[in-house]
Amino acid sequence: MKPKTESESAICLLLNRIAKLYGNGNMDRRQIKTRTAIYDALTGLLRKYRFEEITVQQIIDEANIGRSTFYSHFETKDQLLEQMCNEMFSHVFSDSLTPEKSHDYSKNHEDMRALLEHILYHILDHKENIRSIMNGESEKVFTRYFTKYLESAFGEVIVHMDVDVPEDFKKQFVIGSFIHTVKWWIAKGLKEKPEKIIESYMKCLPGKHP
């Protein structure tokens with residue numbers, strides 16, 4: 001058997017990640033490819049339209065699938081967007097990271113500063129989709145999922161905040177300020193490097209941070 005080429009290996013890795021992401025160990029290769037086509041269709045449409053302007057029929061046409069096929073995978077286009085946001089960030093919090101084209105945090109993903117930088121690099125890698133998502137009603141979906149993942153990331157920062165306020169308040173303050181920092185960064189065109197943004201953000205937090 002001929003060894004896989006680099007592109008073939010990349011495709012296999014992507015398909016495996018999608019299968020793992022959707023919790024579908026029982027899905028066959030055809031079903032995984034269909035989901036990939038739907039995901040790619042939404043990605044392409046987001047480069048042209050705001051999310052609220054996109055219809056399920058447009059996604060179906062772009063993916064070249066039937067309506068029943070779409071609904072066998074997703075109940076609504078909102079659920080599809082949720083899965084898209086989930087895919088963007090689930091890798092960052094994975095226990096086993098691998099080097100990526102634009103960055104490599106596979107060796108220090110437990111470091112708080114590195115984790116936040118990694119998040120920003122994923123936003124940078126998906127910048128076209130992120131800009132489209134943040135430009136309409138879909139921002140609420142993105143913010144909800146972003147908040148969900150950040151809640152598990154900021155434990156170390158909160159521990160090092162030496163301020164006499166309730167823990168829940170500290171958590172919401174840290175997460176909220178980071179989300180607003182990210183939105184500001186996106187609005188400014190993502191020009192500053194992730195390392196610079198995180199350095200400035202960490203300096204603004206009270207207490208010492210690793």
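The values are calculated or read from the model by the stated rules, or taken from the named source; none is laboratory data. Since the structure is predicted, the reported quantities are computational estimates derived from the model, not experimental observations. No Cβ is skipped: glycine too gets one built from the backbone with ideal geometry, and neighbour counts run over all protein chains shown.
Which residue out of Glu117, Glu128 is within 30 Å of Glu53 (Cβ to Cβ) and part of a helix (DSSP H, G or I)?
Numbers: Glu117 fails: within 30 Å of Glu53 (Cβ to Cβ).
One residue alone meets the criteria, Glu128.
Considering only the range 1-106, give the helices (runs of 4 or more DSSP H) lying wholly within it that have at least 2 residues that are in contact with a strand residue (DSSP E or B) (Cβ under 6 Å, 6 or more places away or on another chain), over 21 Å from Lys140 (Cα atoms) and modelled with pLDDT of 85 or more. It would help to see each step written out before you state the result.
Details: elements: 6-21, 29-46, 56-63, 67-73, 77-90.
In the range 1-106, there are no helices (runs of 4 or more DSSP H) which contain 2 or more residues that are in contact with a strand residue (DSSP E or B) (Cβ under 6 Å, 6 or more places away or on another chain), over 21 Å from Lys140 (Cα atoms) and modelled with pLDDT of 85 or more.
Looking only at the range 139-168, count every residue that is in a loop (DSSP other than H, G, I, E, B), in contact with a Leu (Cβ under 7 Å, 6 or more places away or on another chain) and farther than 17 Å from His118 by Cα and tell me the total.
1
Among the residues in the range 169-184, are any of a type outside the set (D, E, K, R), outside any helix (DSSP H, G or I) and either at pLDDT below 90 or more than 18 Å from Ile133 (Cα to Cα) (or both)?
Within the range 169-184 (the criterion being of a type outside the set (D, E, K, R), outside any helix (DSSP H, G or I) and either at pLDDT below 90 or more than 18 Å from Ile133 (Cα to Cα) (or both)), the answer is no, since none of the residues qualifies.
Run Val165 past the list (1) among the β-branched types (Val, Ile, Thr); (2) at pLDDT below 90; (3) surrounded by 16 or more Cβ atoms within 10 Å (Cβ to Cβ); (4) farther than 28 Å from Leu45 by Cα and report the number of the one that doesn't hold.
Failing condition for Val165: (3).
Mind checking whether some residue in the range 202-210 is surrounded by 14 or more Cβ atoms within 10 Å (Cβ to Cβ) and under 28 Å from Ala41 (Cβ atoms)?
Checked against the condition, which is being surrounded by 14 or more Cβ atoms within 10 Å (Cβ to Cβ) and under 28 Å from Ala41 (Cβ atoms), the range 202-210 yields no hits at all.
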